[in-house]
Amino acid sequence: MNNESRPKWRKVAYGGRQPGYDDNHTDESFLEEMVMNANVVKRDLLKVMIDSVSISQYLCIVALVVSTWTYTLNLVIDEVTLLKLDTSLLLAGFSMLLLTASPFSLKLLSKYVLNTSFFISGLYVLAPIYQTLTRSISSDSIWALAVCLLLVHLFLHDYSGSTIRPPGALNNPKLTSNISLNASIVASVLVASRLPSRLHVFAIMLFSLQIFLFVPLVTFCIKKFSLRLHLLFSFALMIMTLGVTYKLHHMFFILLLALLVFISIVCPYWLIRIQEYKFEINGPWDEAKLCFDITE
C-alpha cells in the first residue's frame with residue numbers, strides 16, 4: 001500500500017491497530033507537544049539561603065541545650081540559676097506568642113497557663129523517678145545513647161514548620177515529627193538522670209521540654225509574623241550560640257561554625273549550581289494523571 005492510498009495516521013489510545021501503519025508508528029507531529037523543563041523550579045541563591053536559616057537556627061537551639069546540659073552536669077549552673085532561666089524562658093515565650101500569634105485571645109492564654117501549670121506540677125512529682133531511672137546503667141552508655149537520640153531528633157525534625165499550627169488550630173503531626181520529639185524527650189530524661197538532686201532534675205527537665213516543645217511554636221509564629229524579625233532573631237541566636245560554645249569547648253565551636261557555614265552557604269550554592277543540570281522532558285507519551293472531584 002503506497003502512502004497516498006492509506007488513511008491518515010491518527011493518535012489513538014485504545015482504537016486498535018490502524019491499517020497501513022505499525023503499532024509504534026509516529027508522524028512528524030509527535031514531538032510538537034514536547035515540553036522541556038516545564039515543572040523545574042528556578043531557584044534564587046538569596047532565597048535558598050534565607051530558607052536555610054531555619055535549619056541553622058534550630059541547630060543553634062539544640063547546641064544551646066547541649067551547652068546548658070554540660071554546664072549543669074559539671075555543676076557550673078546550680079538549680080536556682082536554672083530555675084530562674086526556666087522562668088525567664090517561659091515568660092519570654094508567652095510574650096512572643098502574645099506579640100506575634102494571631103489570633104491569640106485571653107481565653108486561649110488562660111488555657112495555655114492552666115495546661116502549663118499542670119505540666120510543671122506533674123514534672124515536679126515525677127522528678128524523683130527520673131533521677132533514679134538509669135542508676136544501673138553506666139554513664140558512657142548514657143552519653144552515647146543521648147548523642148544518638150539527639151542526632152535522630154535533628155535528622156527527623158520538621159524544619160519547614162508544616163506540622164506546626166498557630167495557637168488554637170488543629171495539629172496533626174507526622175510520624176517523623178513524633179519520633180523526633182520523643183527522641184529529644186528521652187535524651188533529656190537520660191541527661192537528667194545523672195544529676196545529683198531532685199531540684200536539679202526538675203529544673204533541667206523543665207528547661208529541655210520548654211525548648212523542644214515550646215520553642216518551635218514560638219519561632220514559627222515569629223517567622224509568620226515578620227521575616228525580618230525572624231532573620232534578626234536567628235542571627236542574634238547564632239552569635240550567642242557561637243559565643244557560648246567557644247567558652248565551653250573550642251572543638252565544639254569549630255564544628256558548629258563549620259556546620260552553620262555548610263548549611264547556610266555551601267548547600268544553597270550547590271543547589272543553585274546543580275540546577276543547571278536539571279533536564280526534564282514532558283510530552284504526549286507521559287501517563288495521564290486522573291483527577292477526581294469528590295466534593296459533594
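At-a-glance table
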{"quantity": "Unmet criterion (only one of (1) modelled with pLDDT of 90 or more; (2) surrounded by 16 or more Cβ atoms within 10 Å (Cβ to Cβ); (3) over 22 Å from the mean Cα position of the chain (by Cα)) for Phe104", "calculated": "(1)"}
{"quantity": "Residue tally, condition within 19 Å of Thr241 (Cβ to Cβ), open to solvent by 40 Å² or more (accessible area, probe 1.4 Å) and free of Cβ contacts under 8 Å to residues at least 12 places away in the same chain, over the range 70-80", "calculated": "2"}
{"quantity": "Residue match in the range 192-202 (condition: under 19 Å from the mean Cα position of the chain (by Cα), open to solvent by 60 Å² or more (accessible area, probe 1.4 Å) and closer than 30 Å to Gln131 by Cβ)", "calculated": "no"}
{"quantity": "Residue list for the range 186-200, restricted to those being within 13 Å of Ala127 (Cβ to Cβ) and outside any helix (DSSP H, G or I)", "calculated": "Ser193, Leu195, Pro196, Ser197"}
{"quantity": "Number of positions in the range 94-145 that are part of a loop (DSSP other than H, G, I, E, B) and either among the charged types (D, E, K, R) or at positive phi (or both)", "calculated": "1"}
{"quantity": "Residue list for the range 223-264, restricted to those being closer than 11 Å to Cys60 by Cα and of a type in the set (Ser, Thr, Tyr)", "calculated": "Ser234, Thr241, Thr245"}
{"quantity": "Checklist (1) closer than 23 Å to Ser67 by Cβ; (2) at pLDDT below 90 applied to Leu149, failing item", "calculated": "(2)"}
{"quantity": "Neighbours by Cβ (under 8 Å, 6+ apart or cross-chain): first from the range 246-270, on the phi < 0 side of the Ramachandran plot; second open to solvent by 100 Å² or more (accessible area, probe 1.4 Å)", "calculated": "Phe253/Tyr246"}
{"quantity": "Tally, over the range 233-256, of residues that are within 26 Å of Ser177 (Cα to Cα) and over 19 Å from the mean Cα position of the chain (by Cα)", "calculated": "1"}
{"quantity": "Failed criterion for Phe94 (all others in (1) within 16 Å of Val215 (Cα to Cα); (2) at pLDDT 80 or above; (3) open to solvent by 80 Å² or more (accessible area, probe 1.4 Å) hold)", "calculated": "(3)"}
{"quantity": "Answer from Ser121, Ser88, Ser67, Ser136 - the residue that is in contact with a Leu (Cβ under 8 Å, 6 or more places away or on another chain) and either open to solvent by 70 Å² or more (accessible area, probe 1.4 Å) or closer than 18 Å to His200 by Cα (or both)", "calculated": "Ser67"}
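The values are calculated or read from the model by the stated rules, or taken from the named source; none is laboratory data. These figures come from a predicted structure and were not determined experimentally. Reconstructed Cβ throughout: ideal geometry from the backbone, glycine too, with neighbour counts over all protein chains shown. Side chains are part of the model used for accessible areas, which takes the heavy atoms of the whole protein and leaves out ligands, DNA and RNA. Shrake-Rupley method; radii C 1.70, N 1.55, O 1.52, S 1.80 Å.
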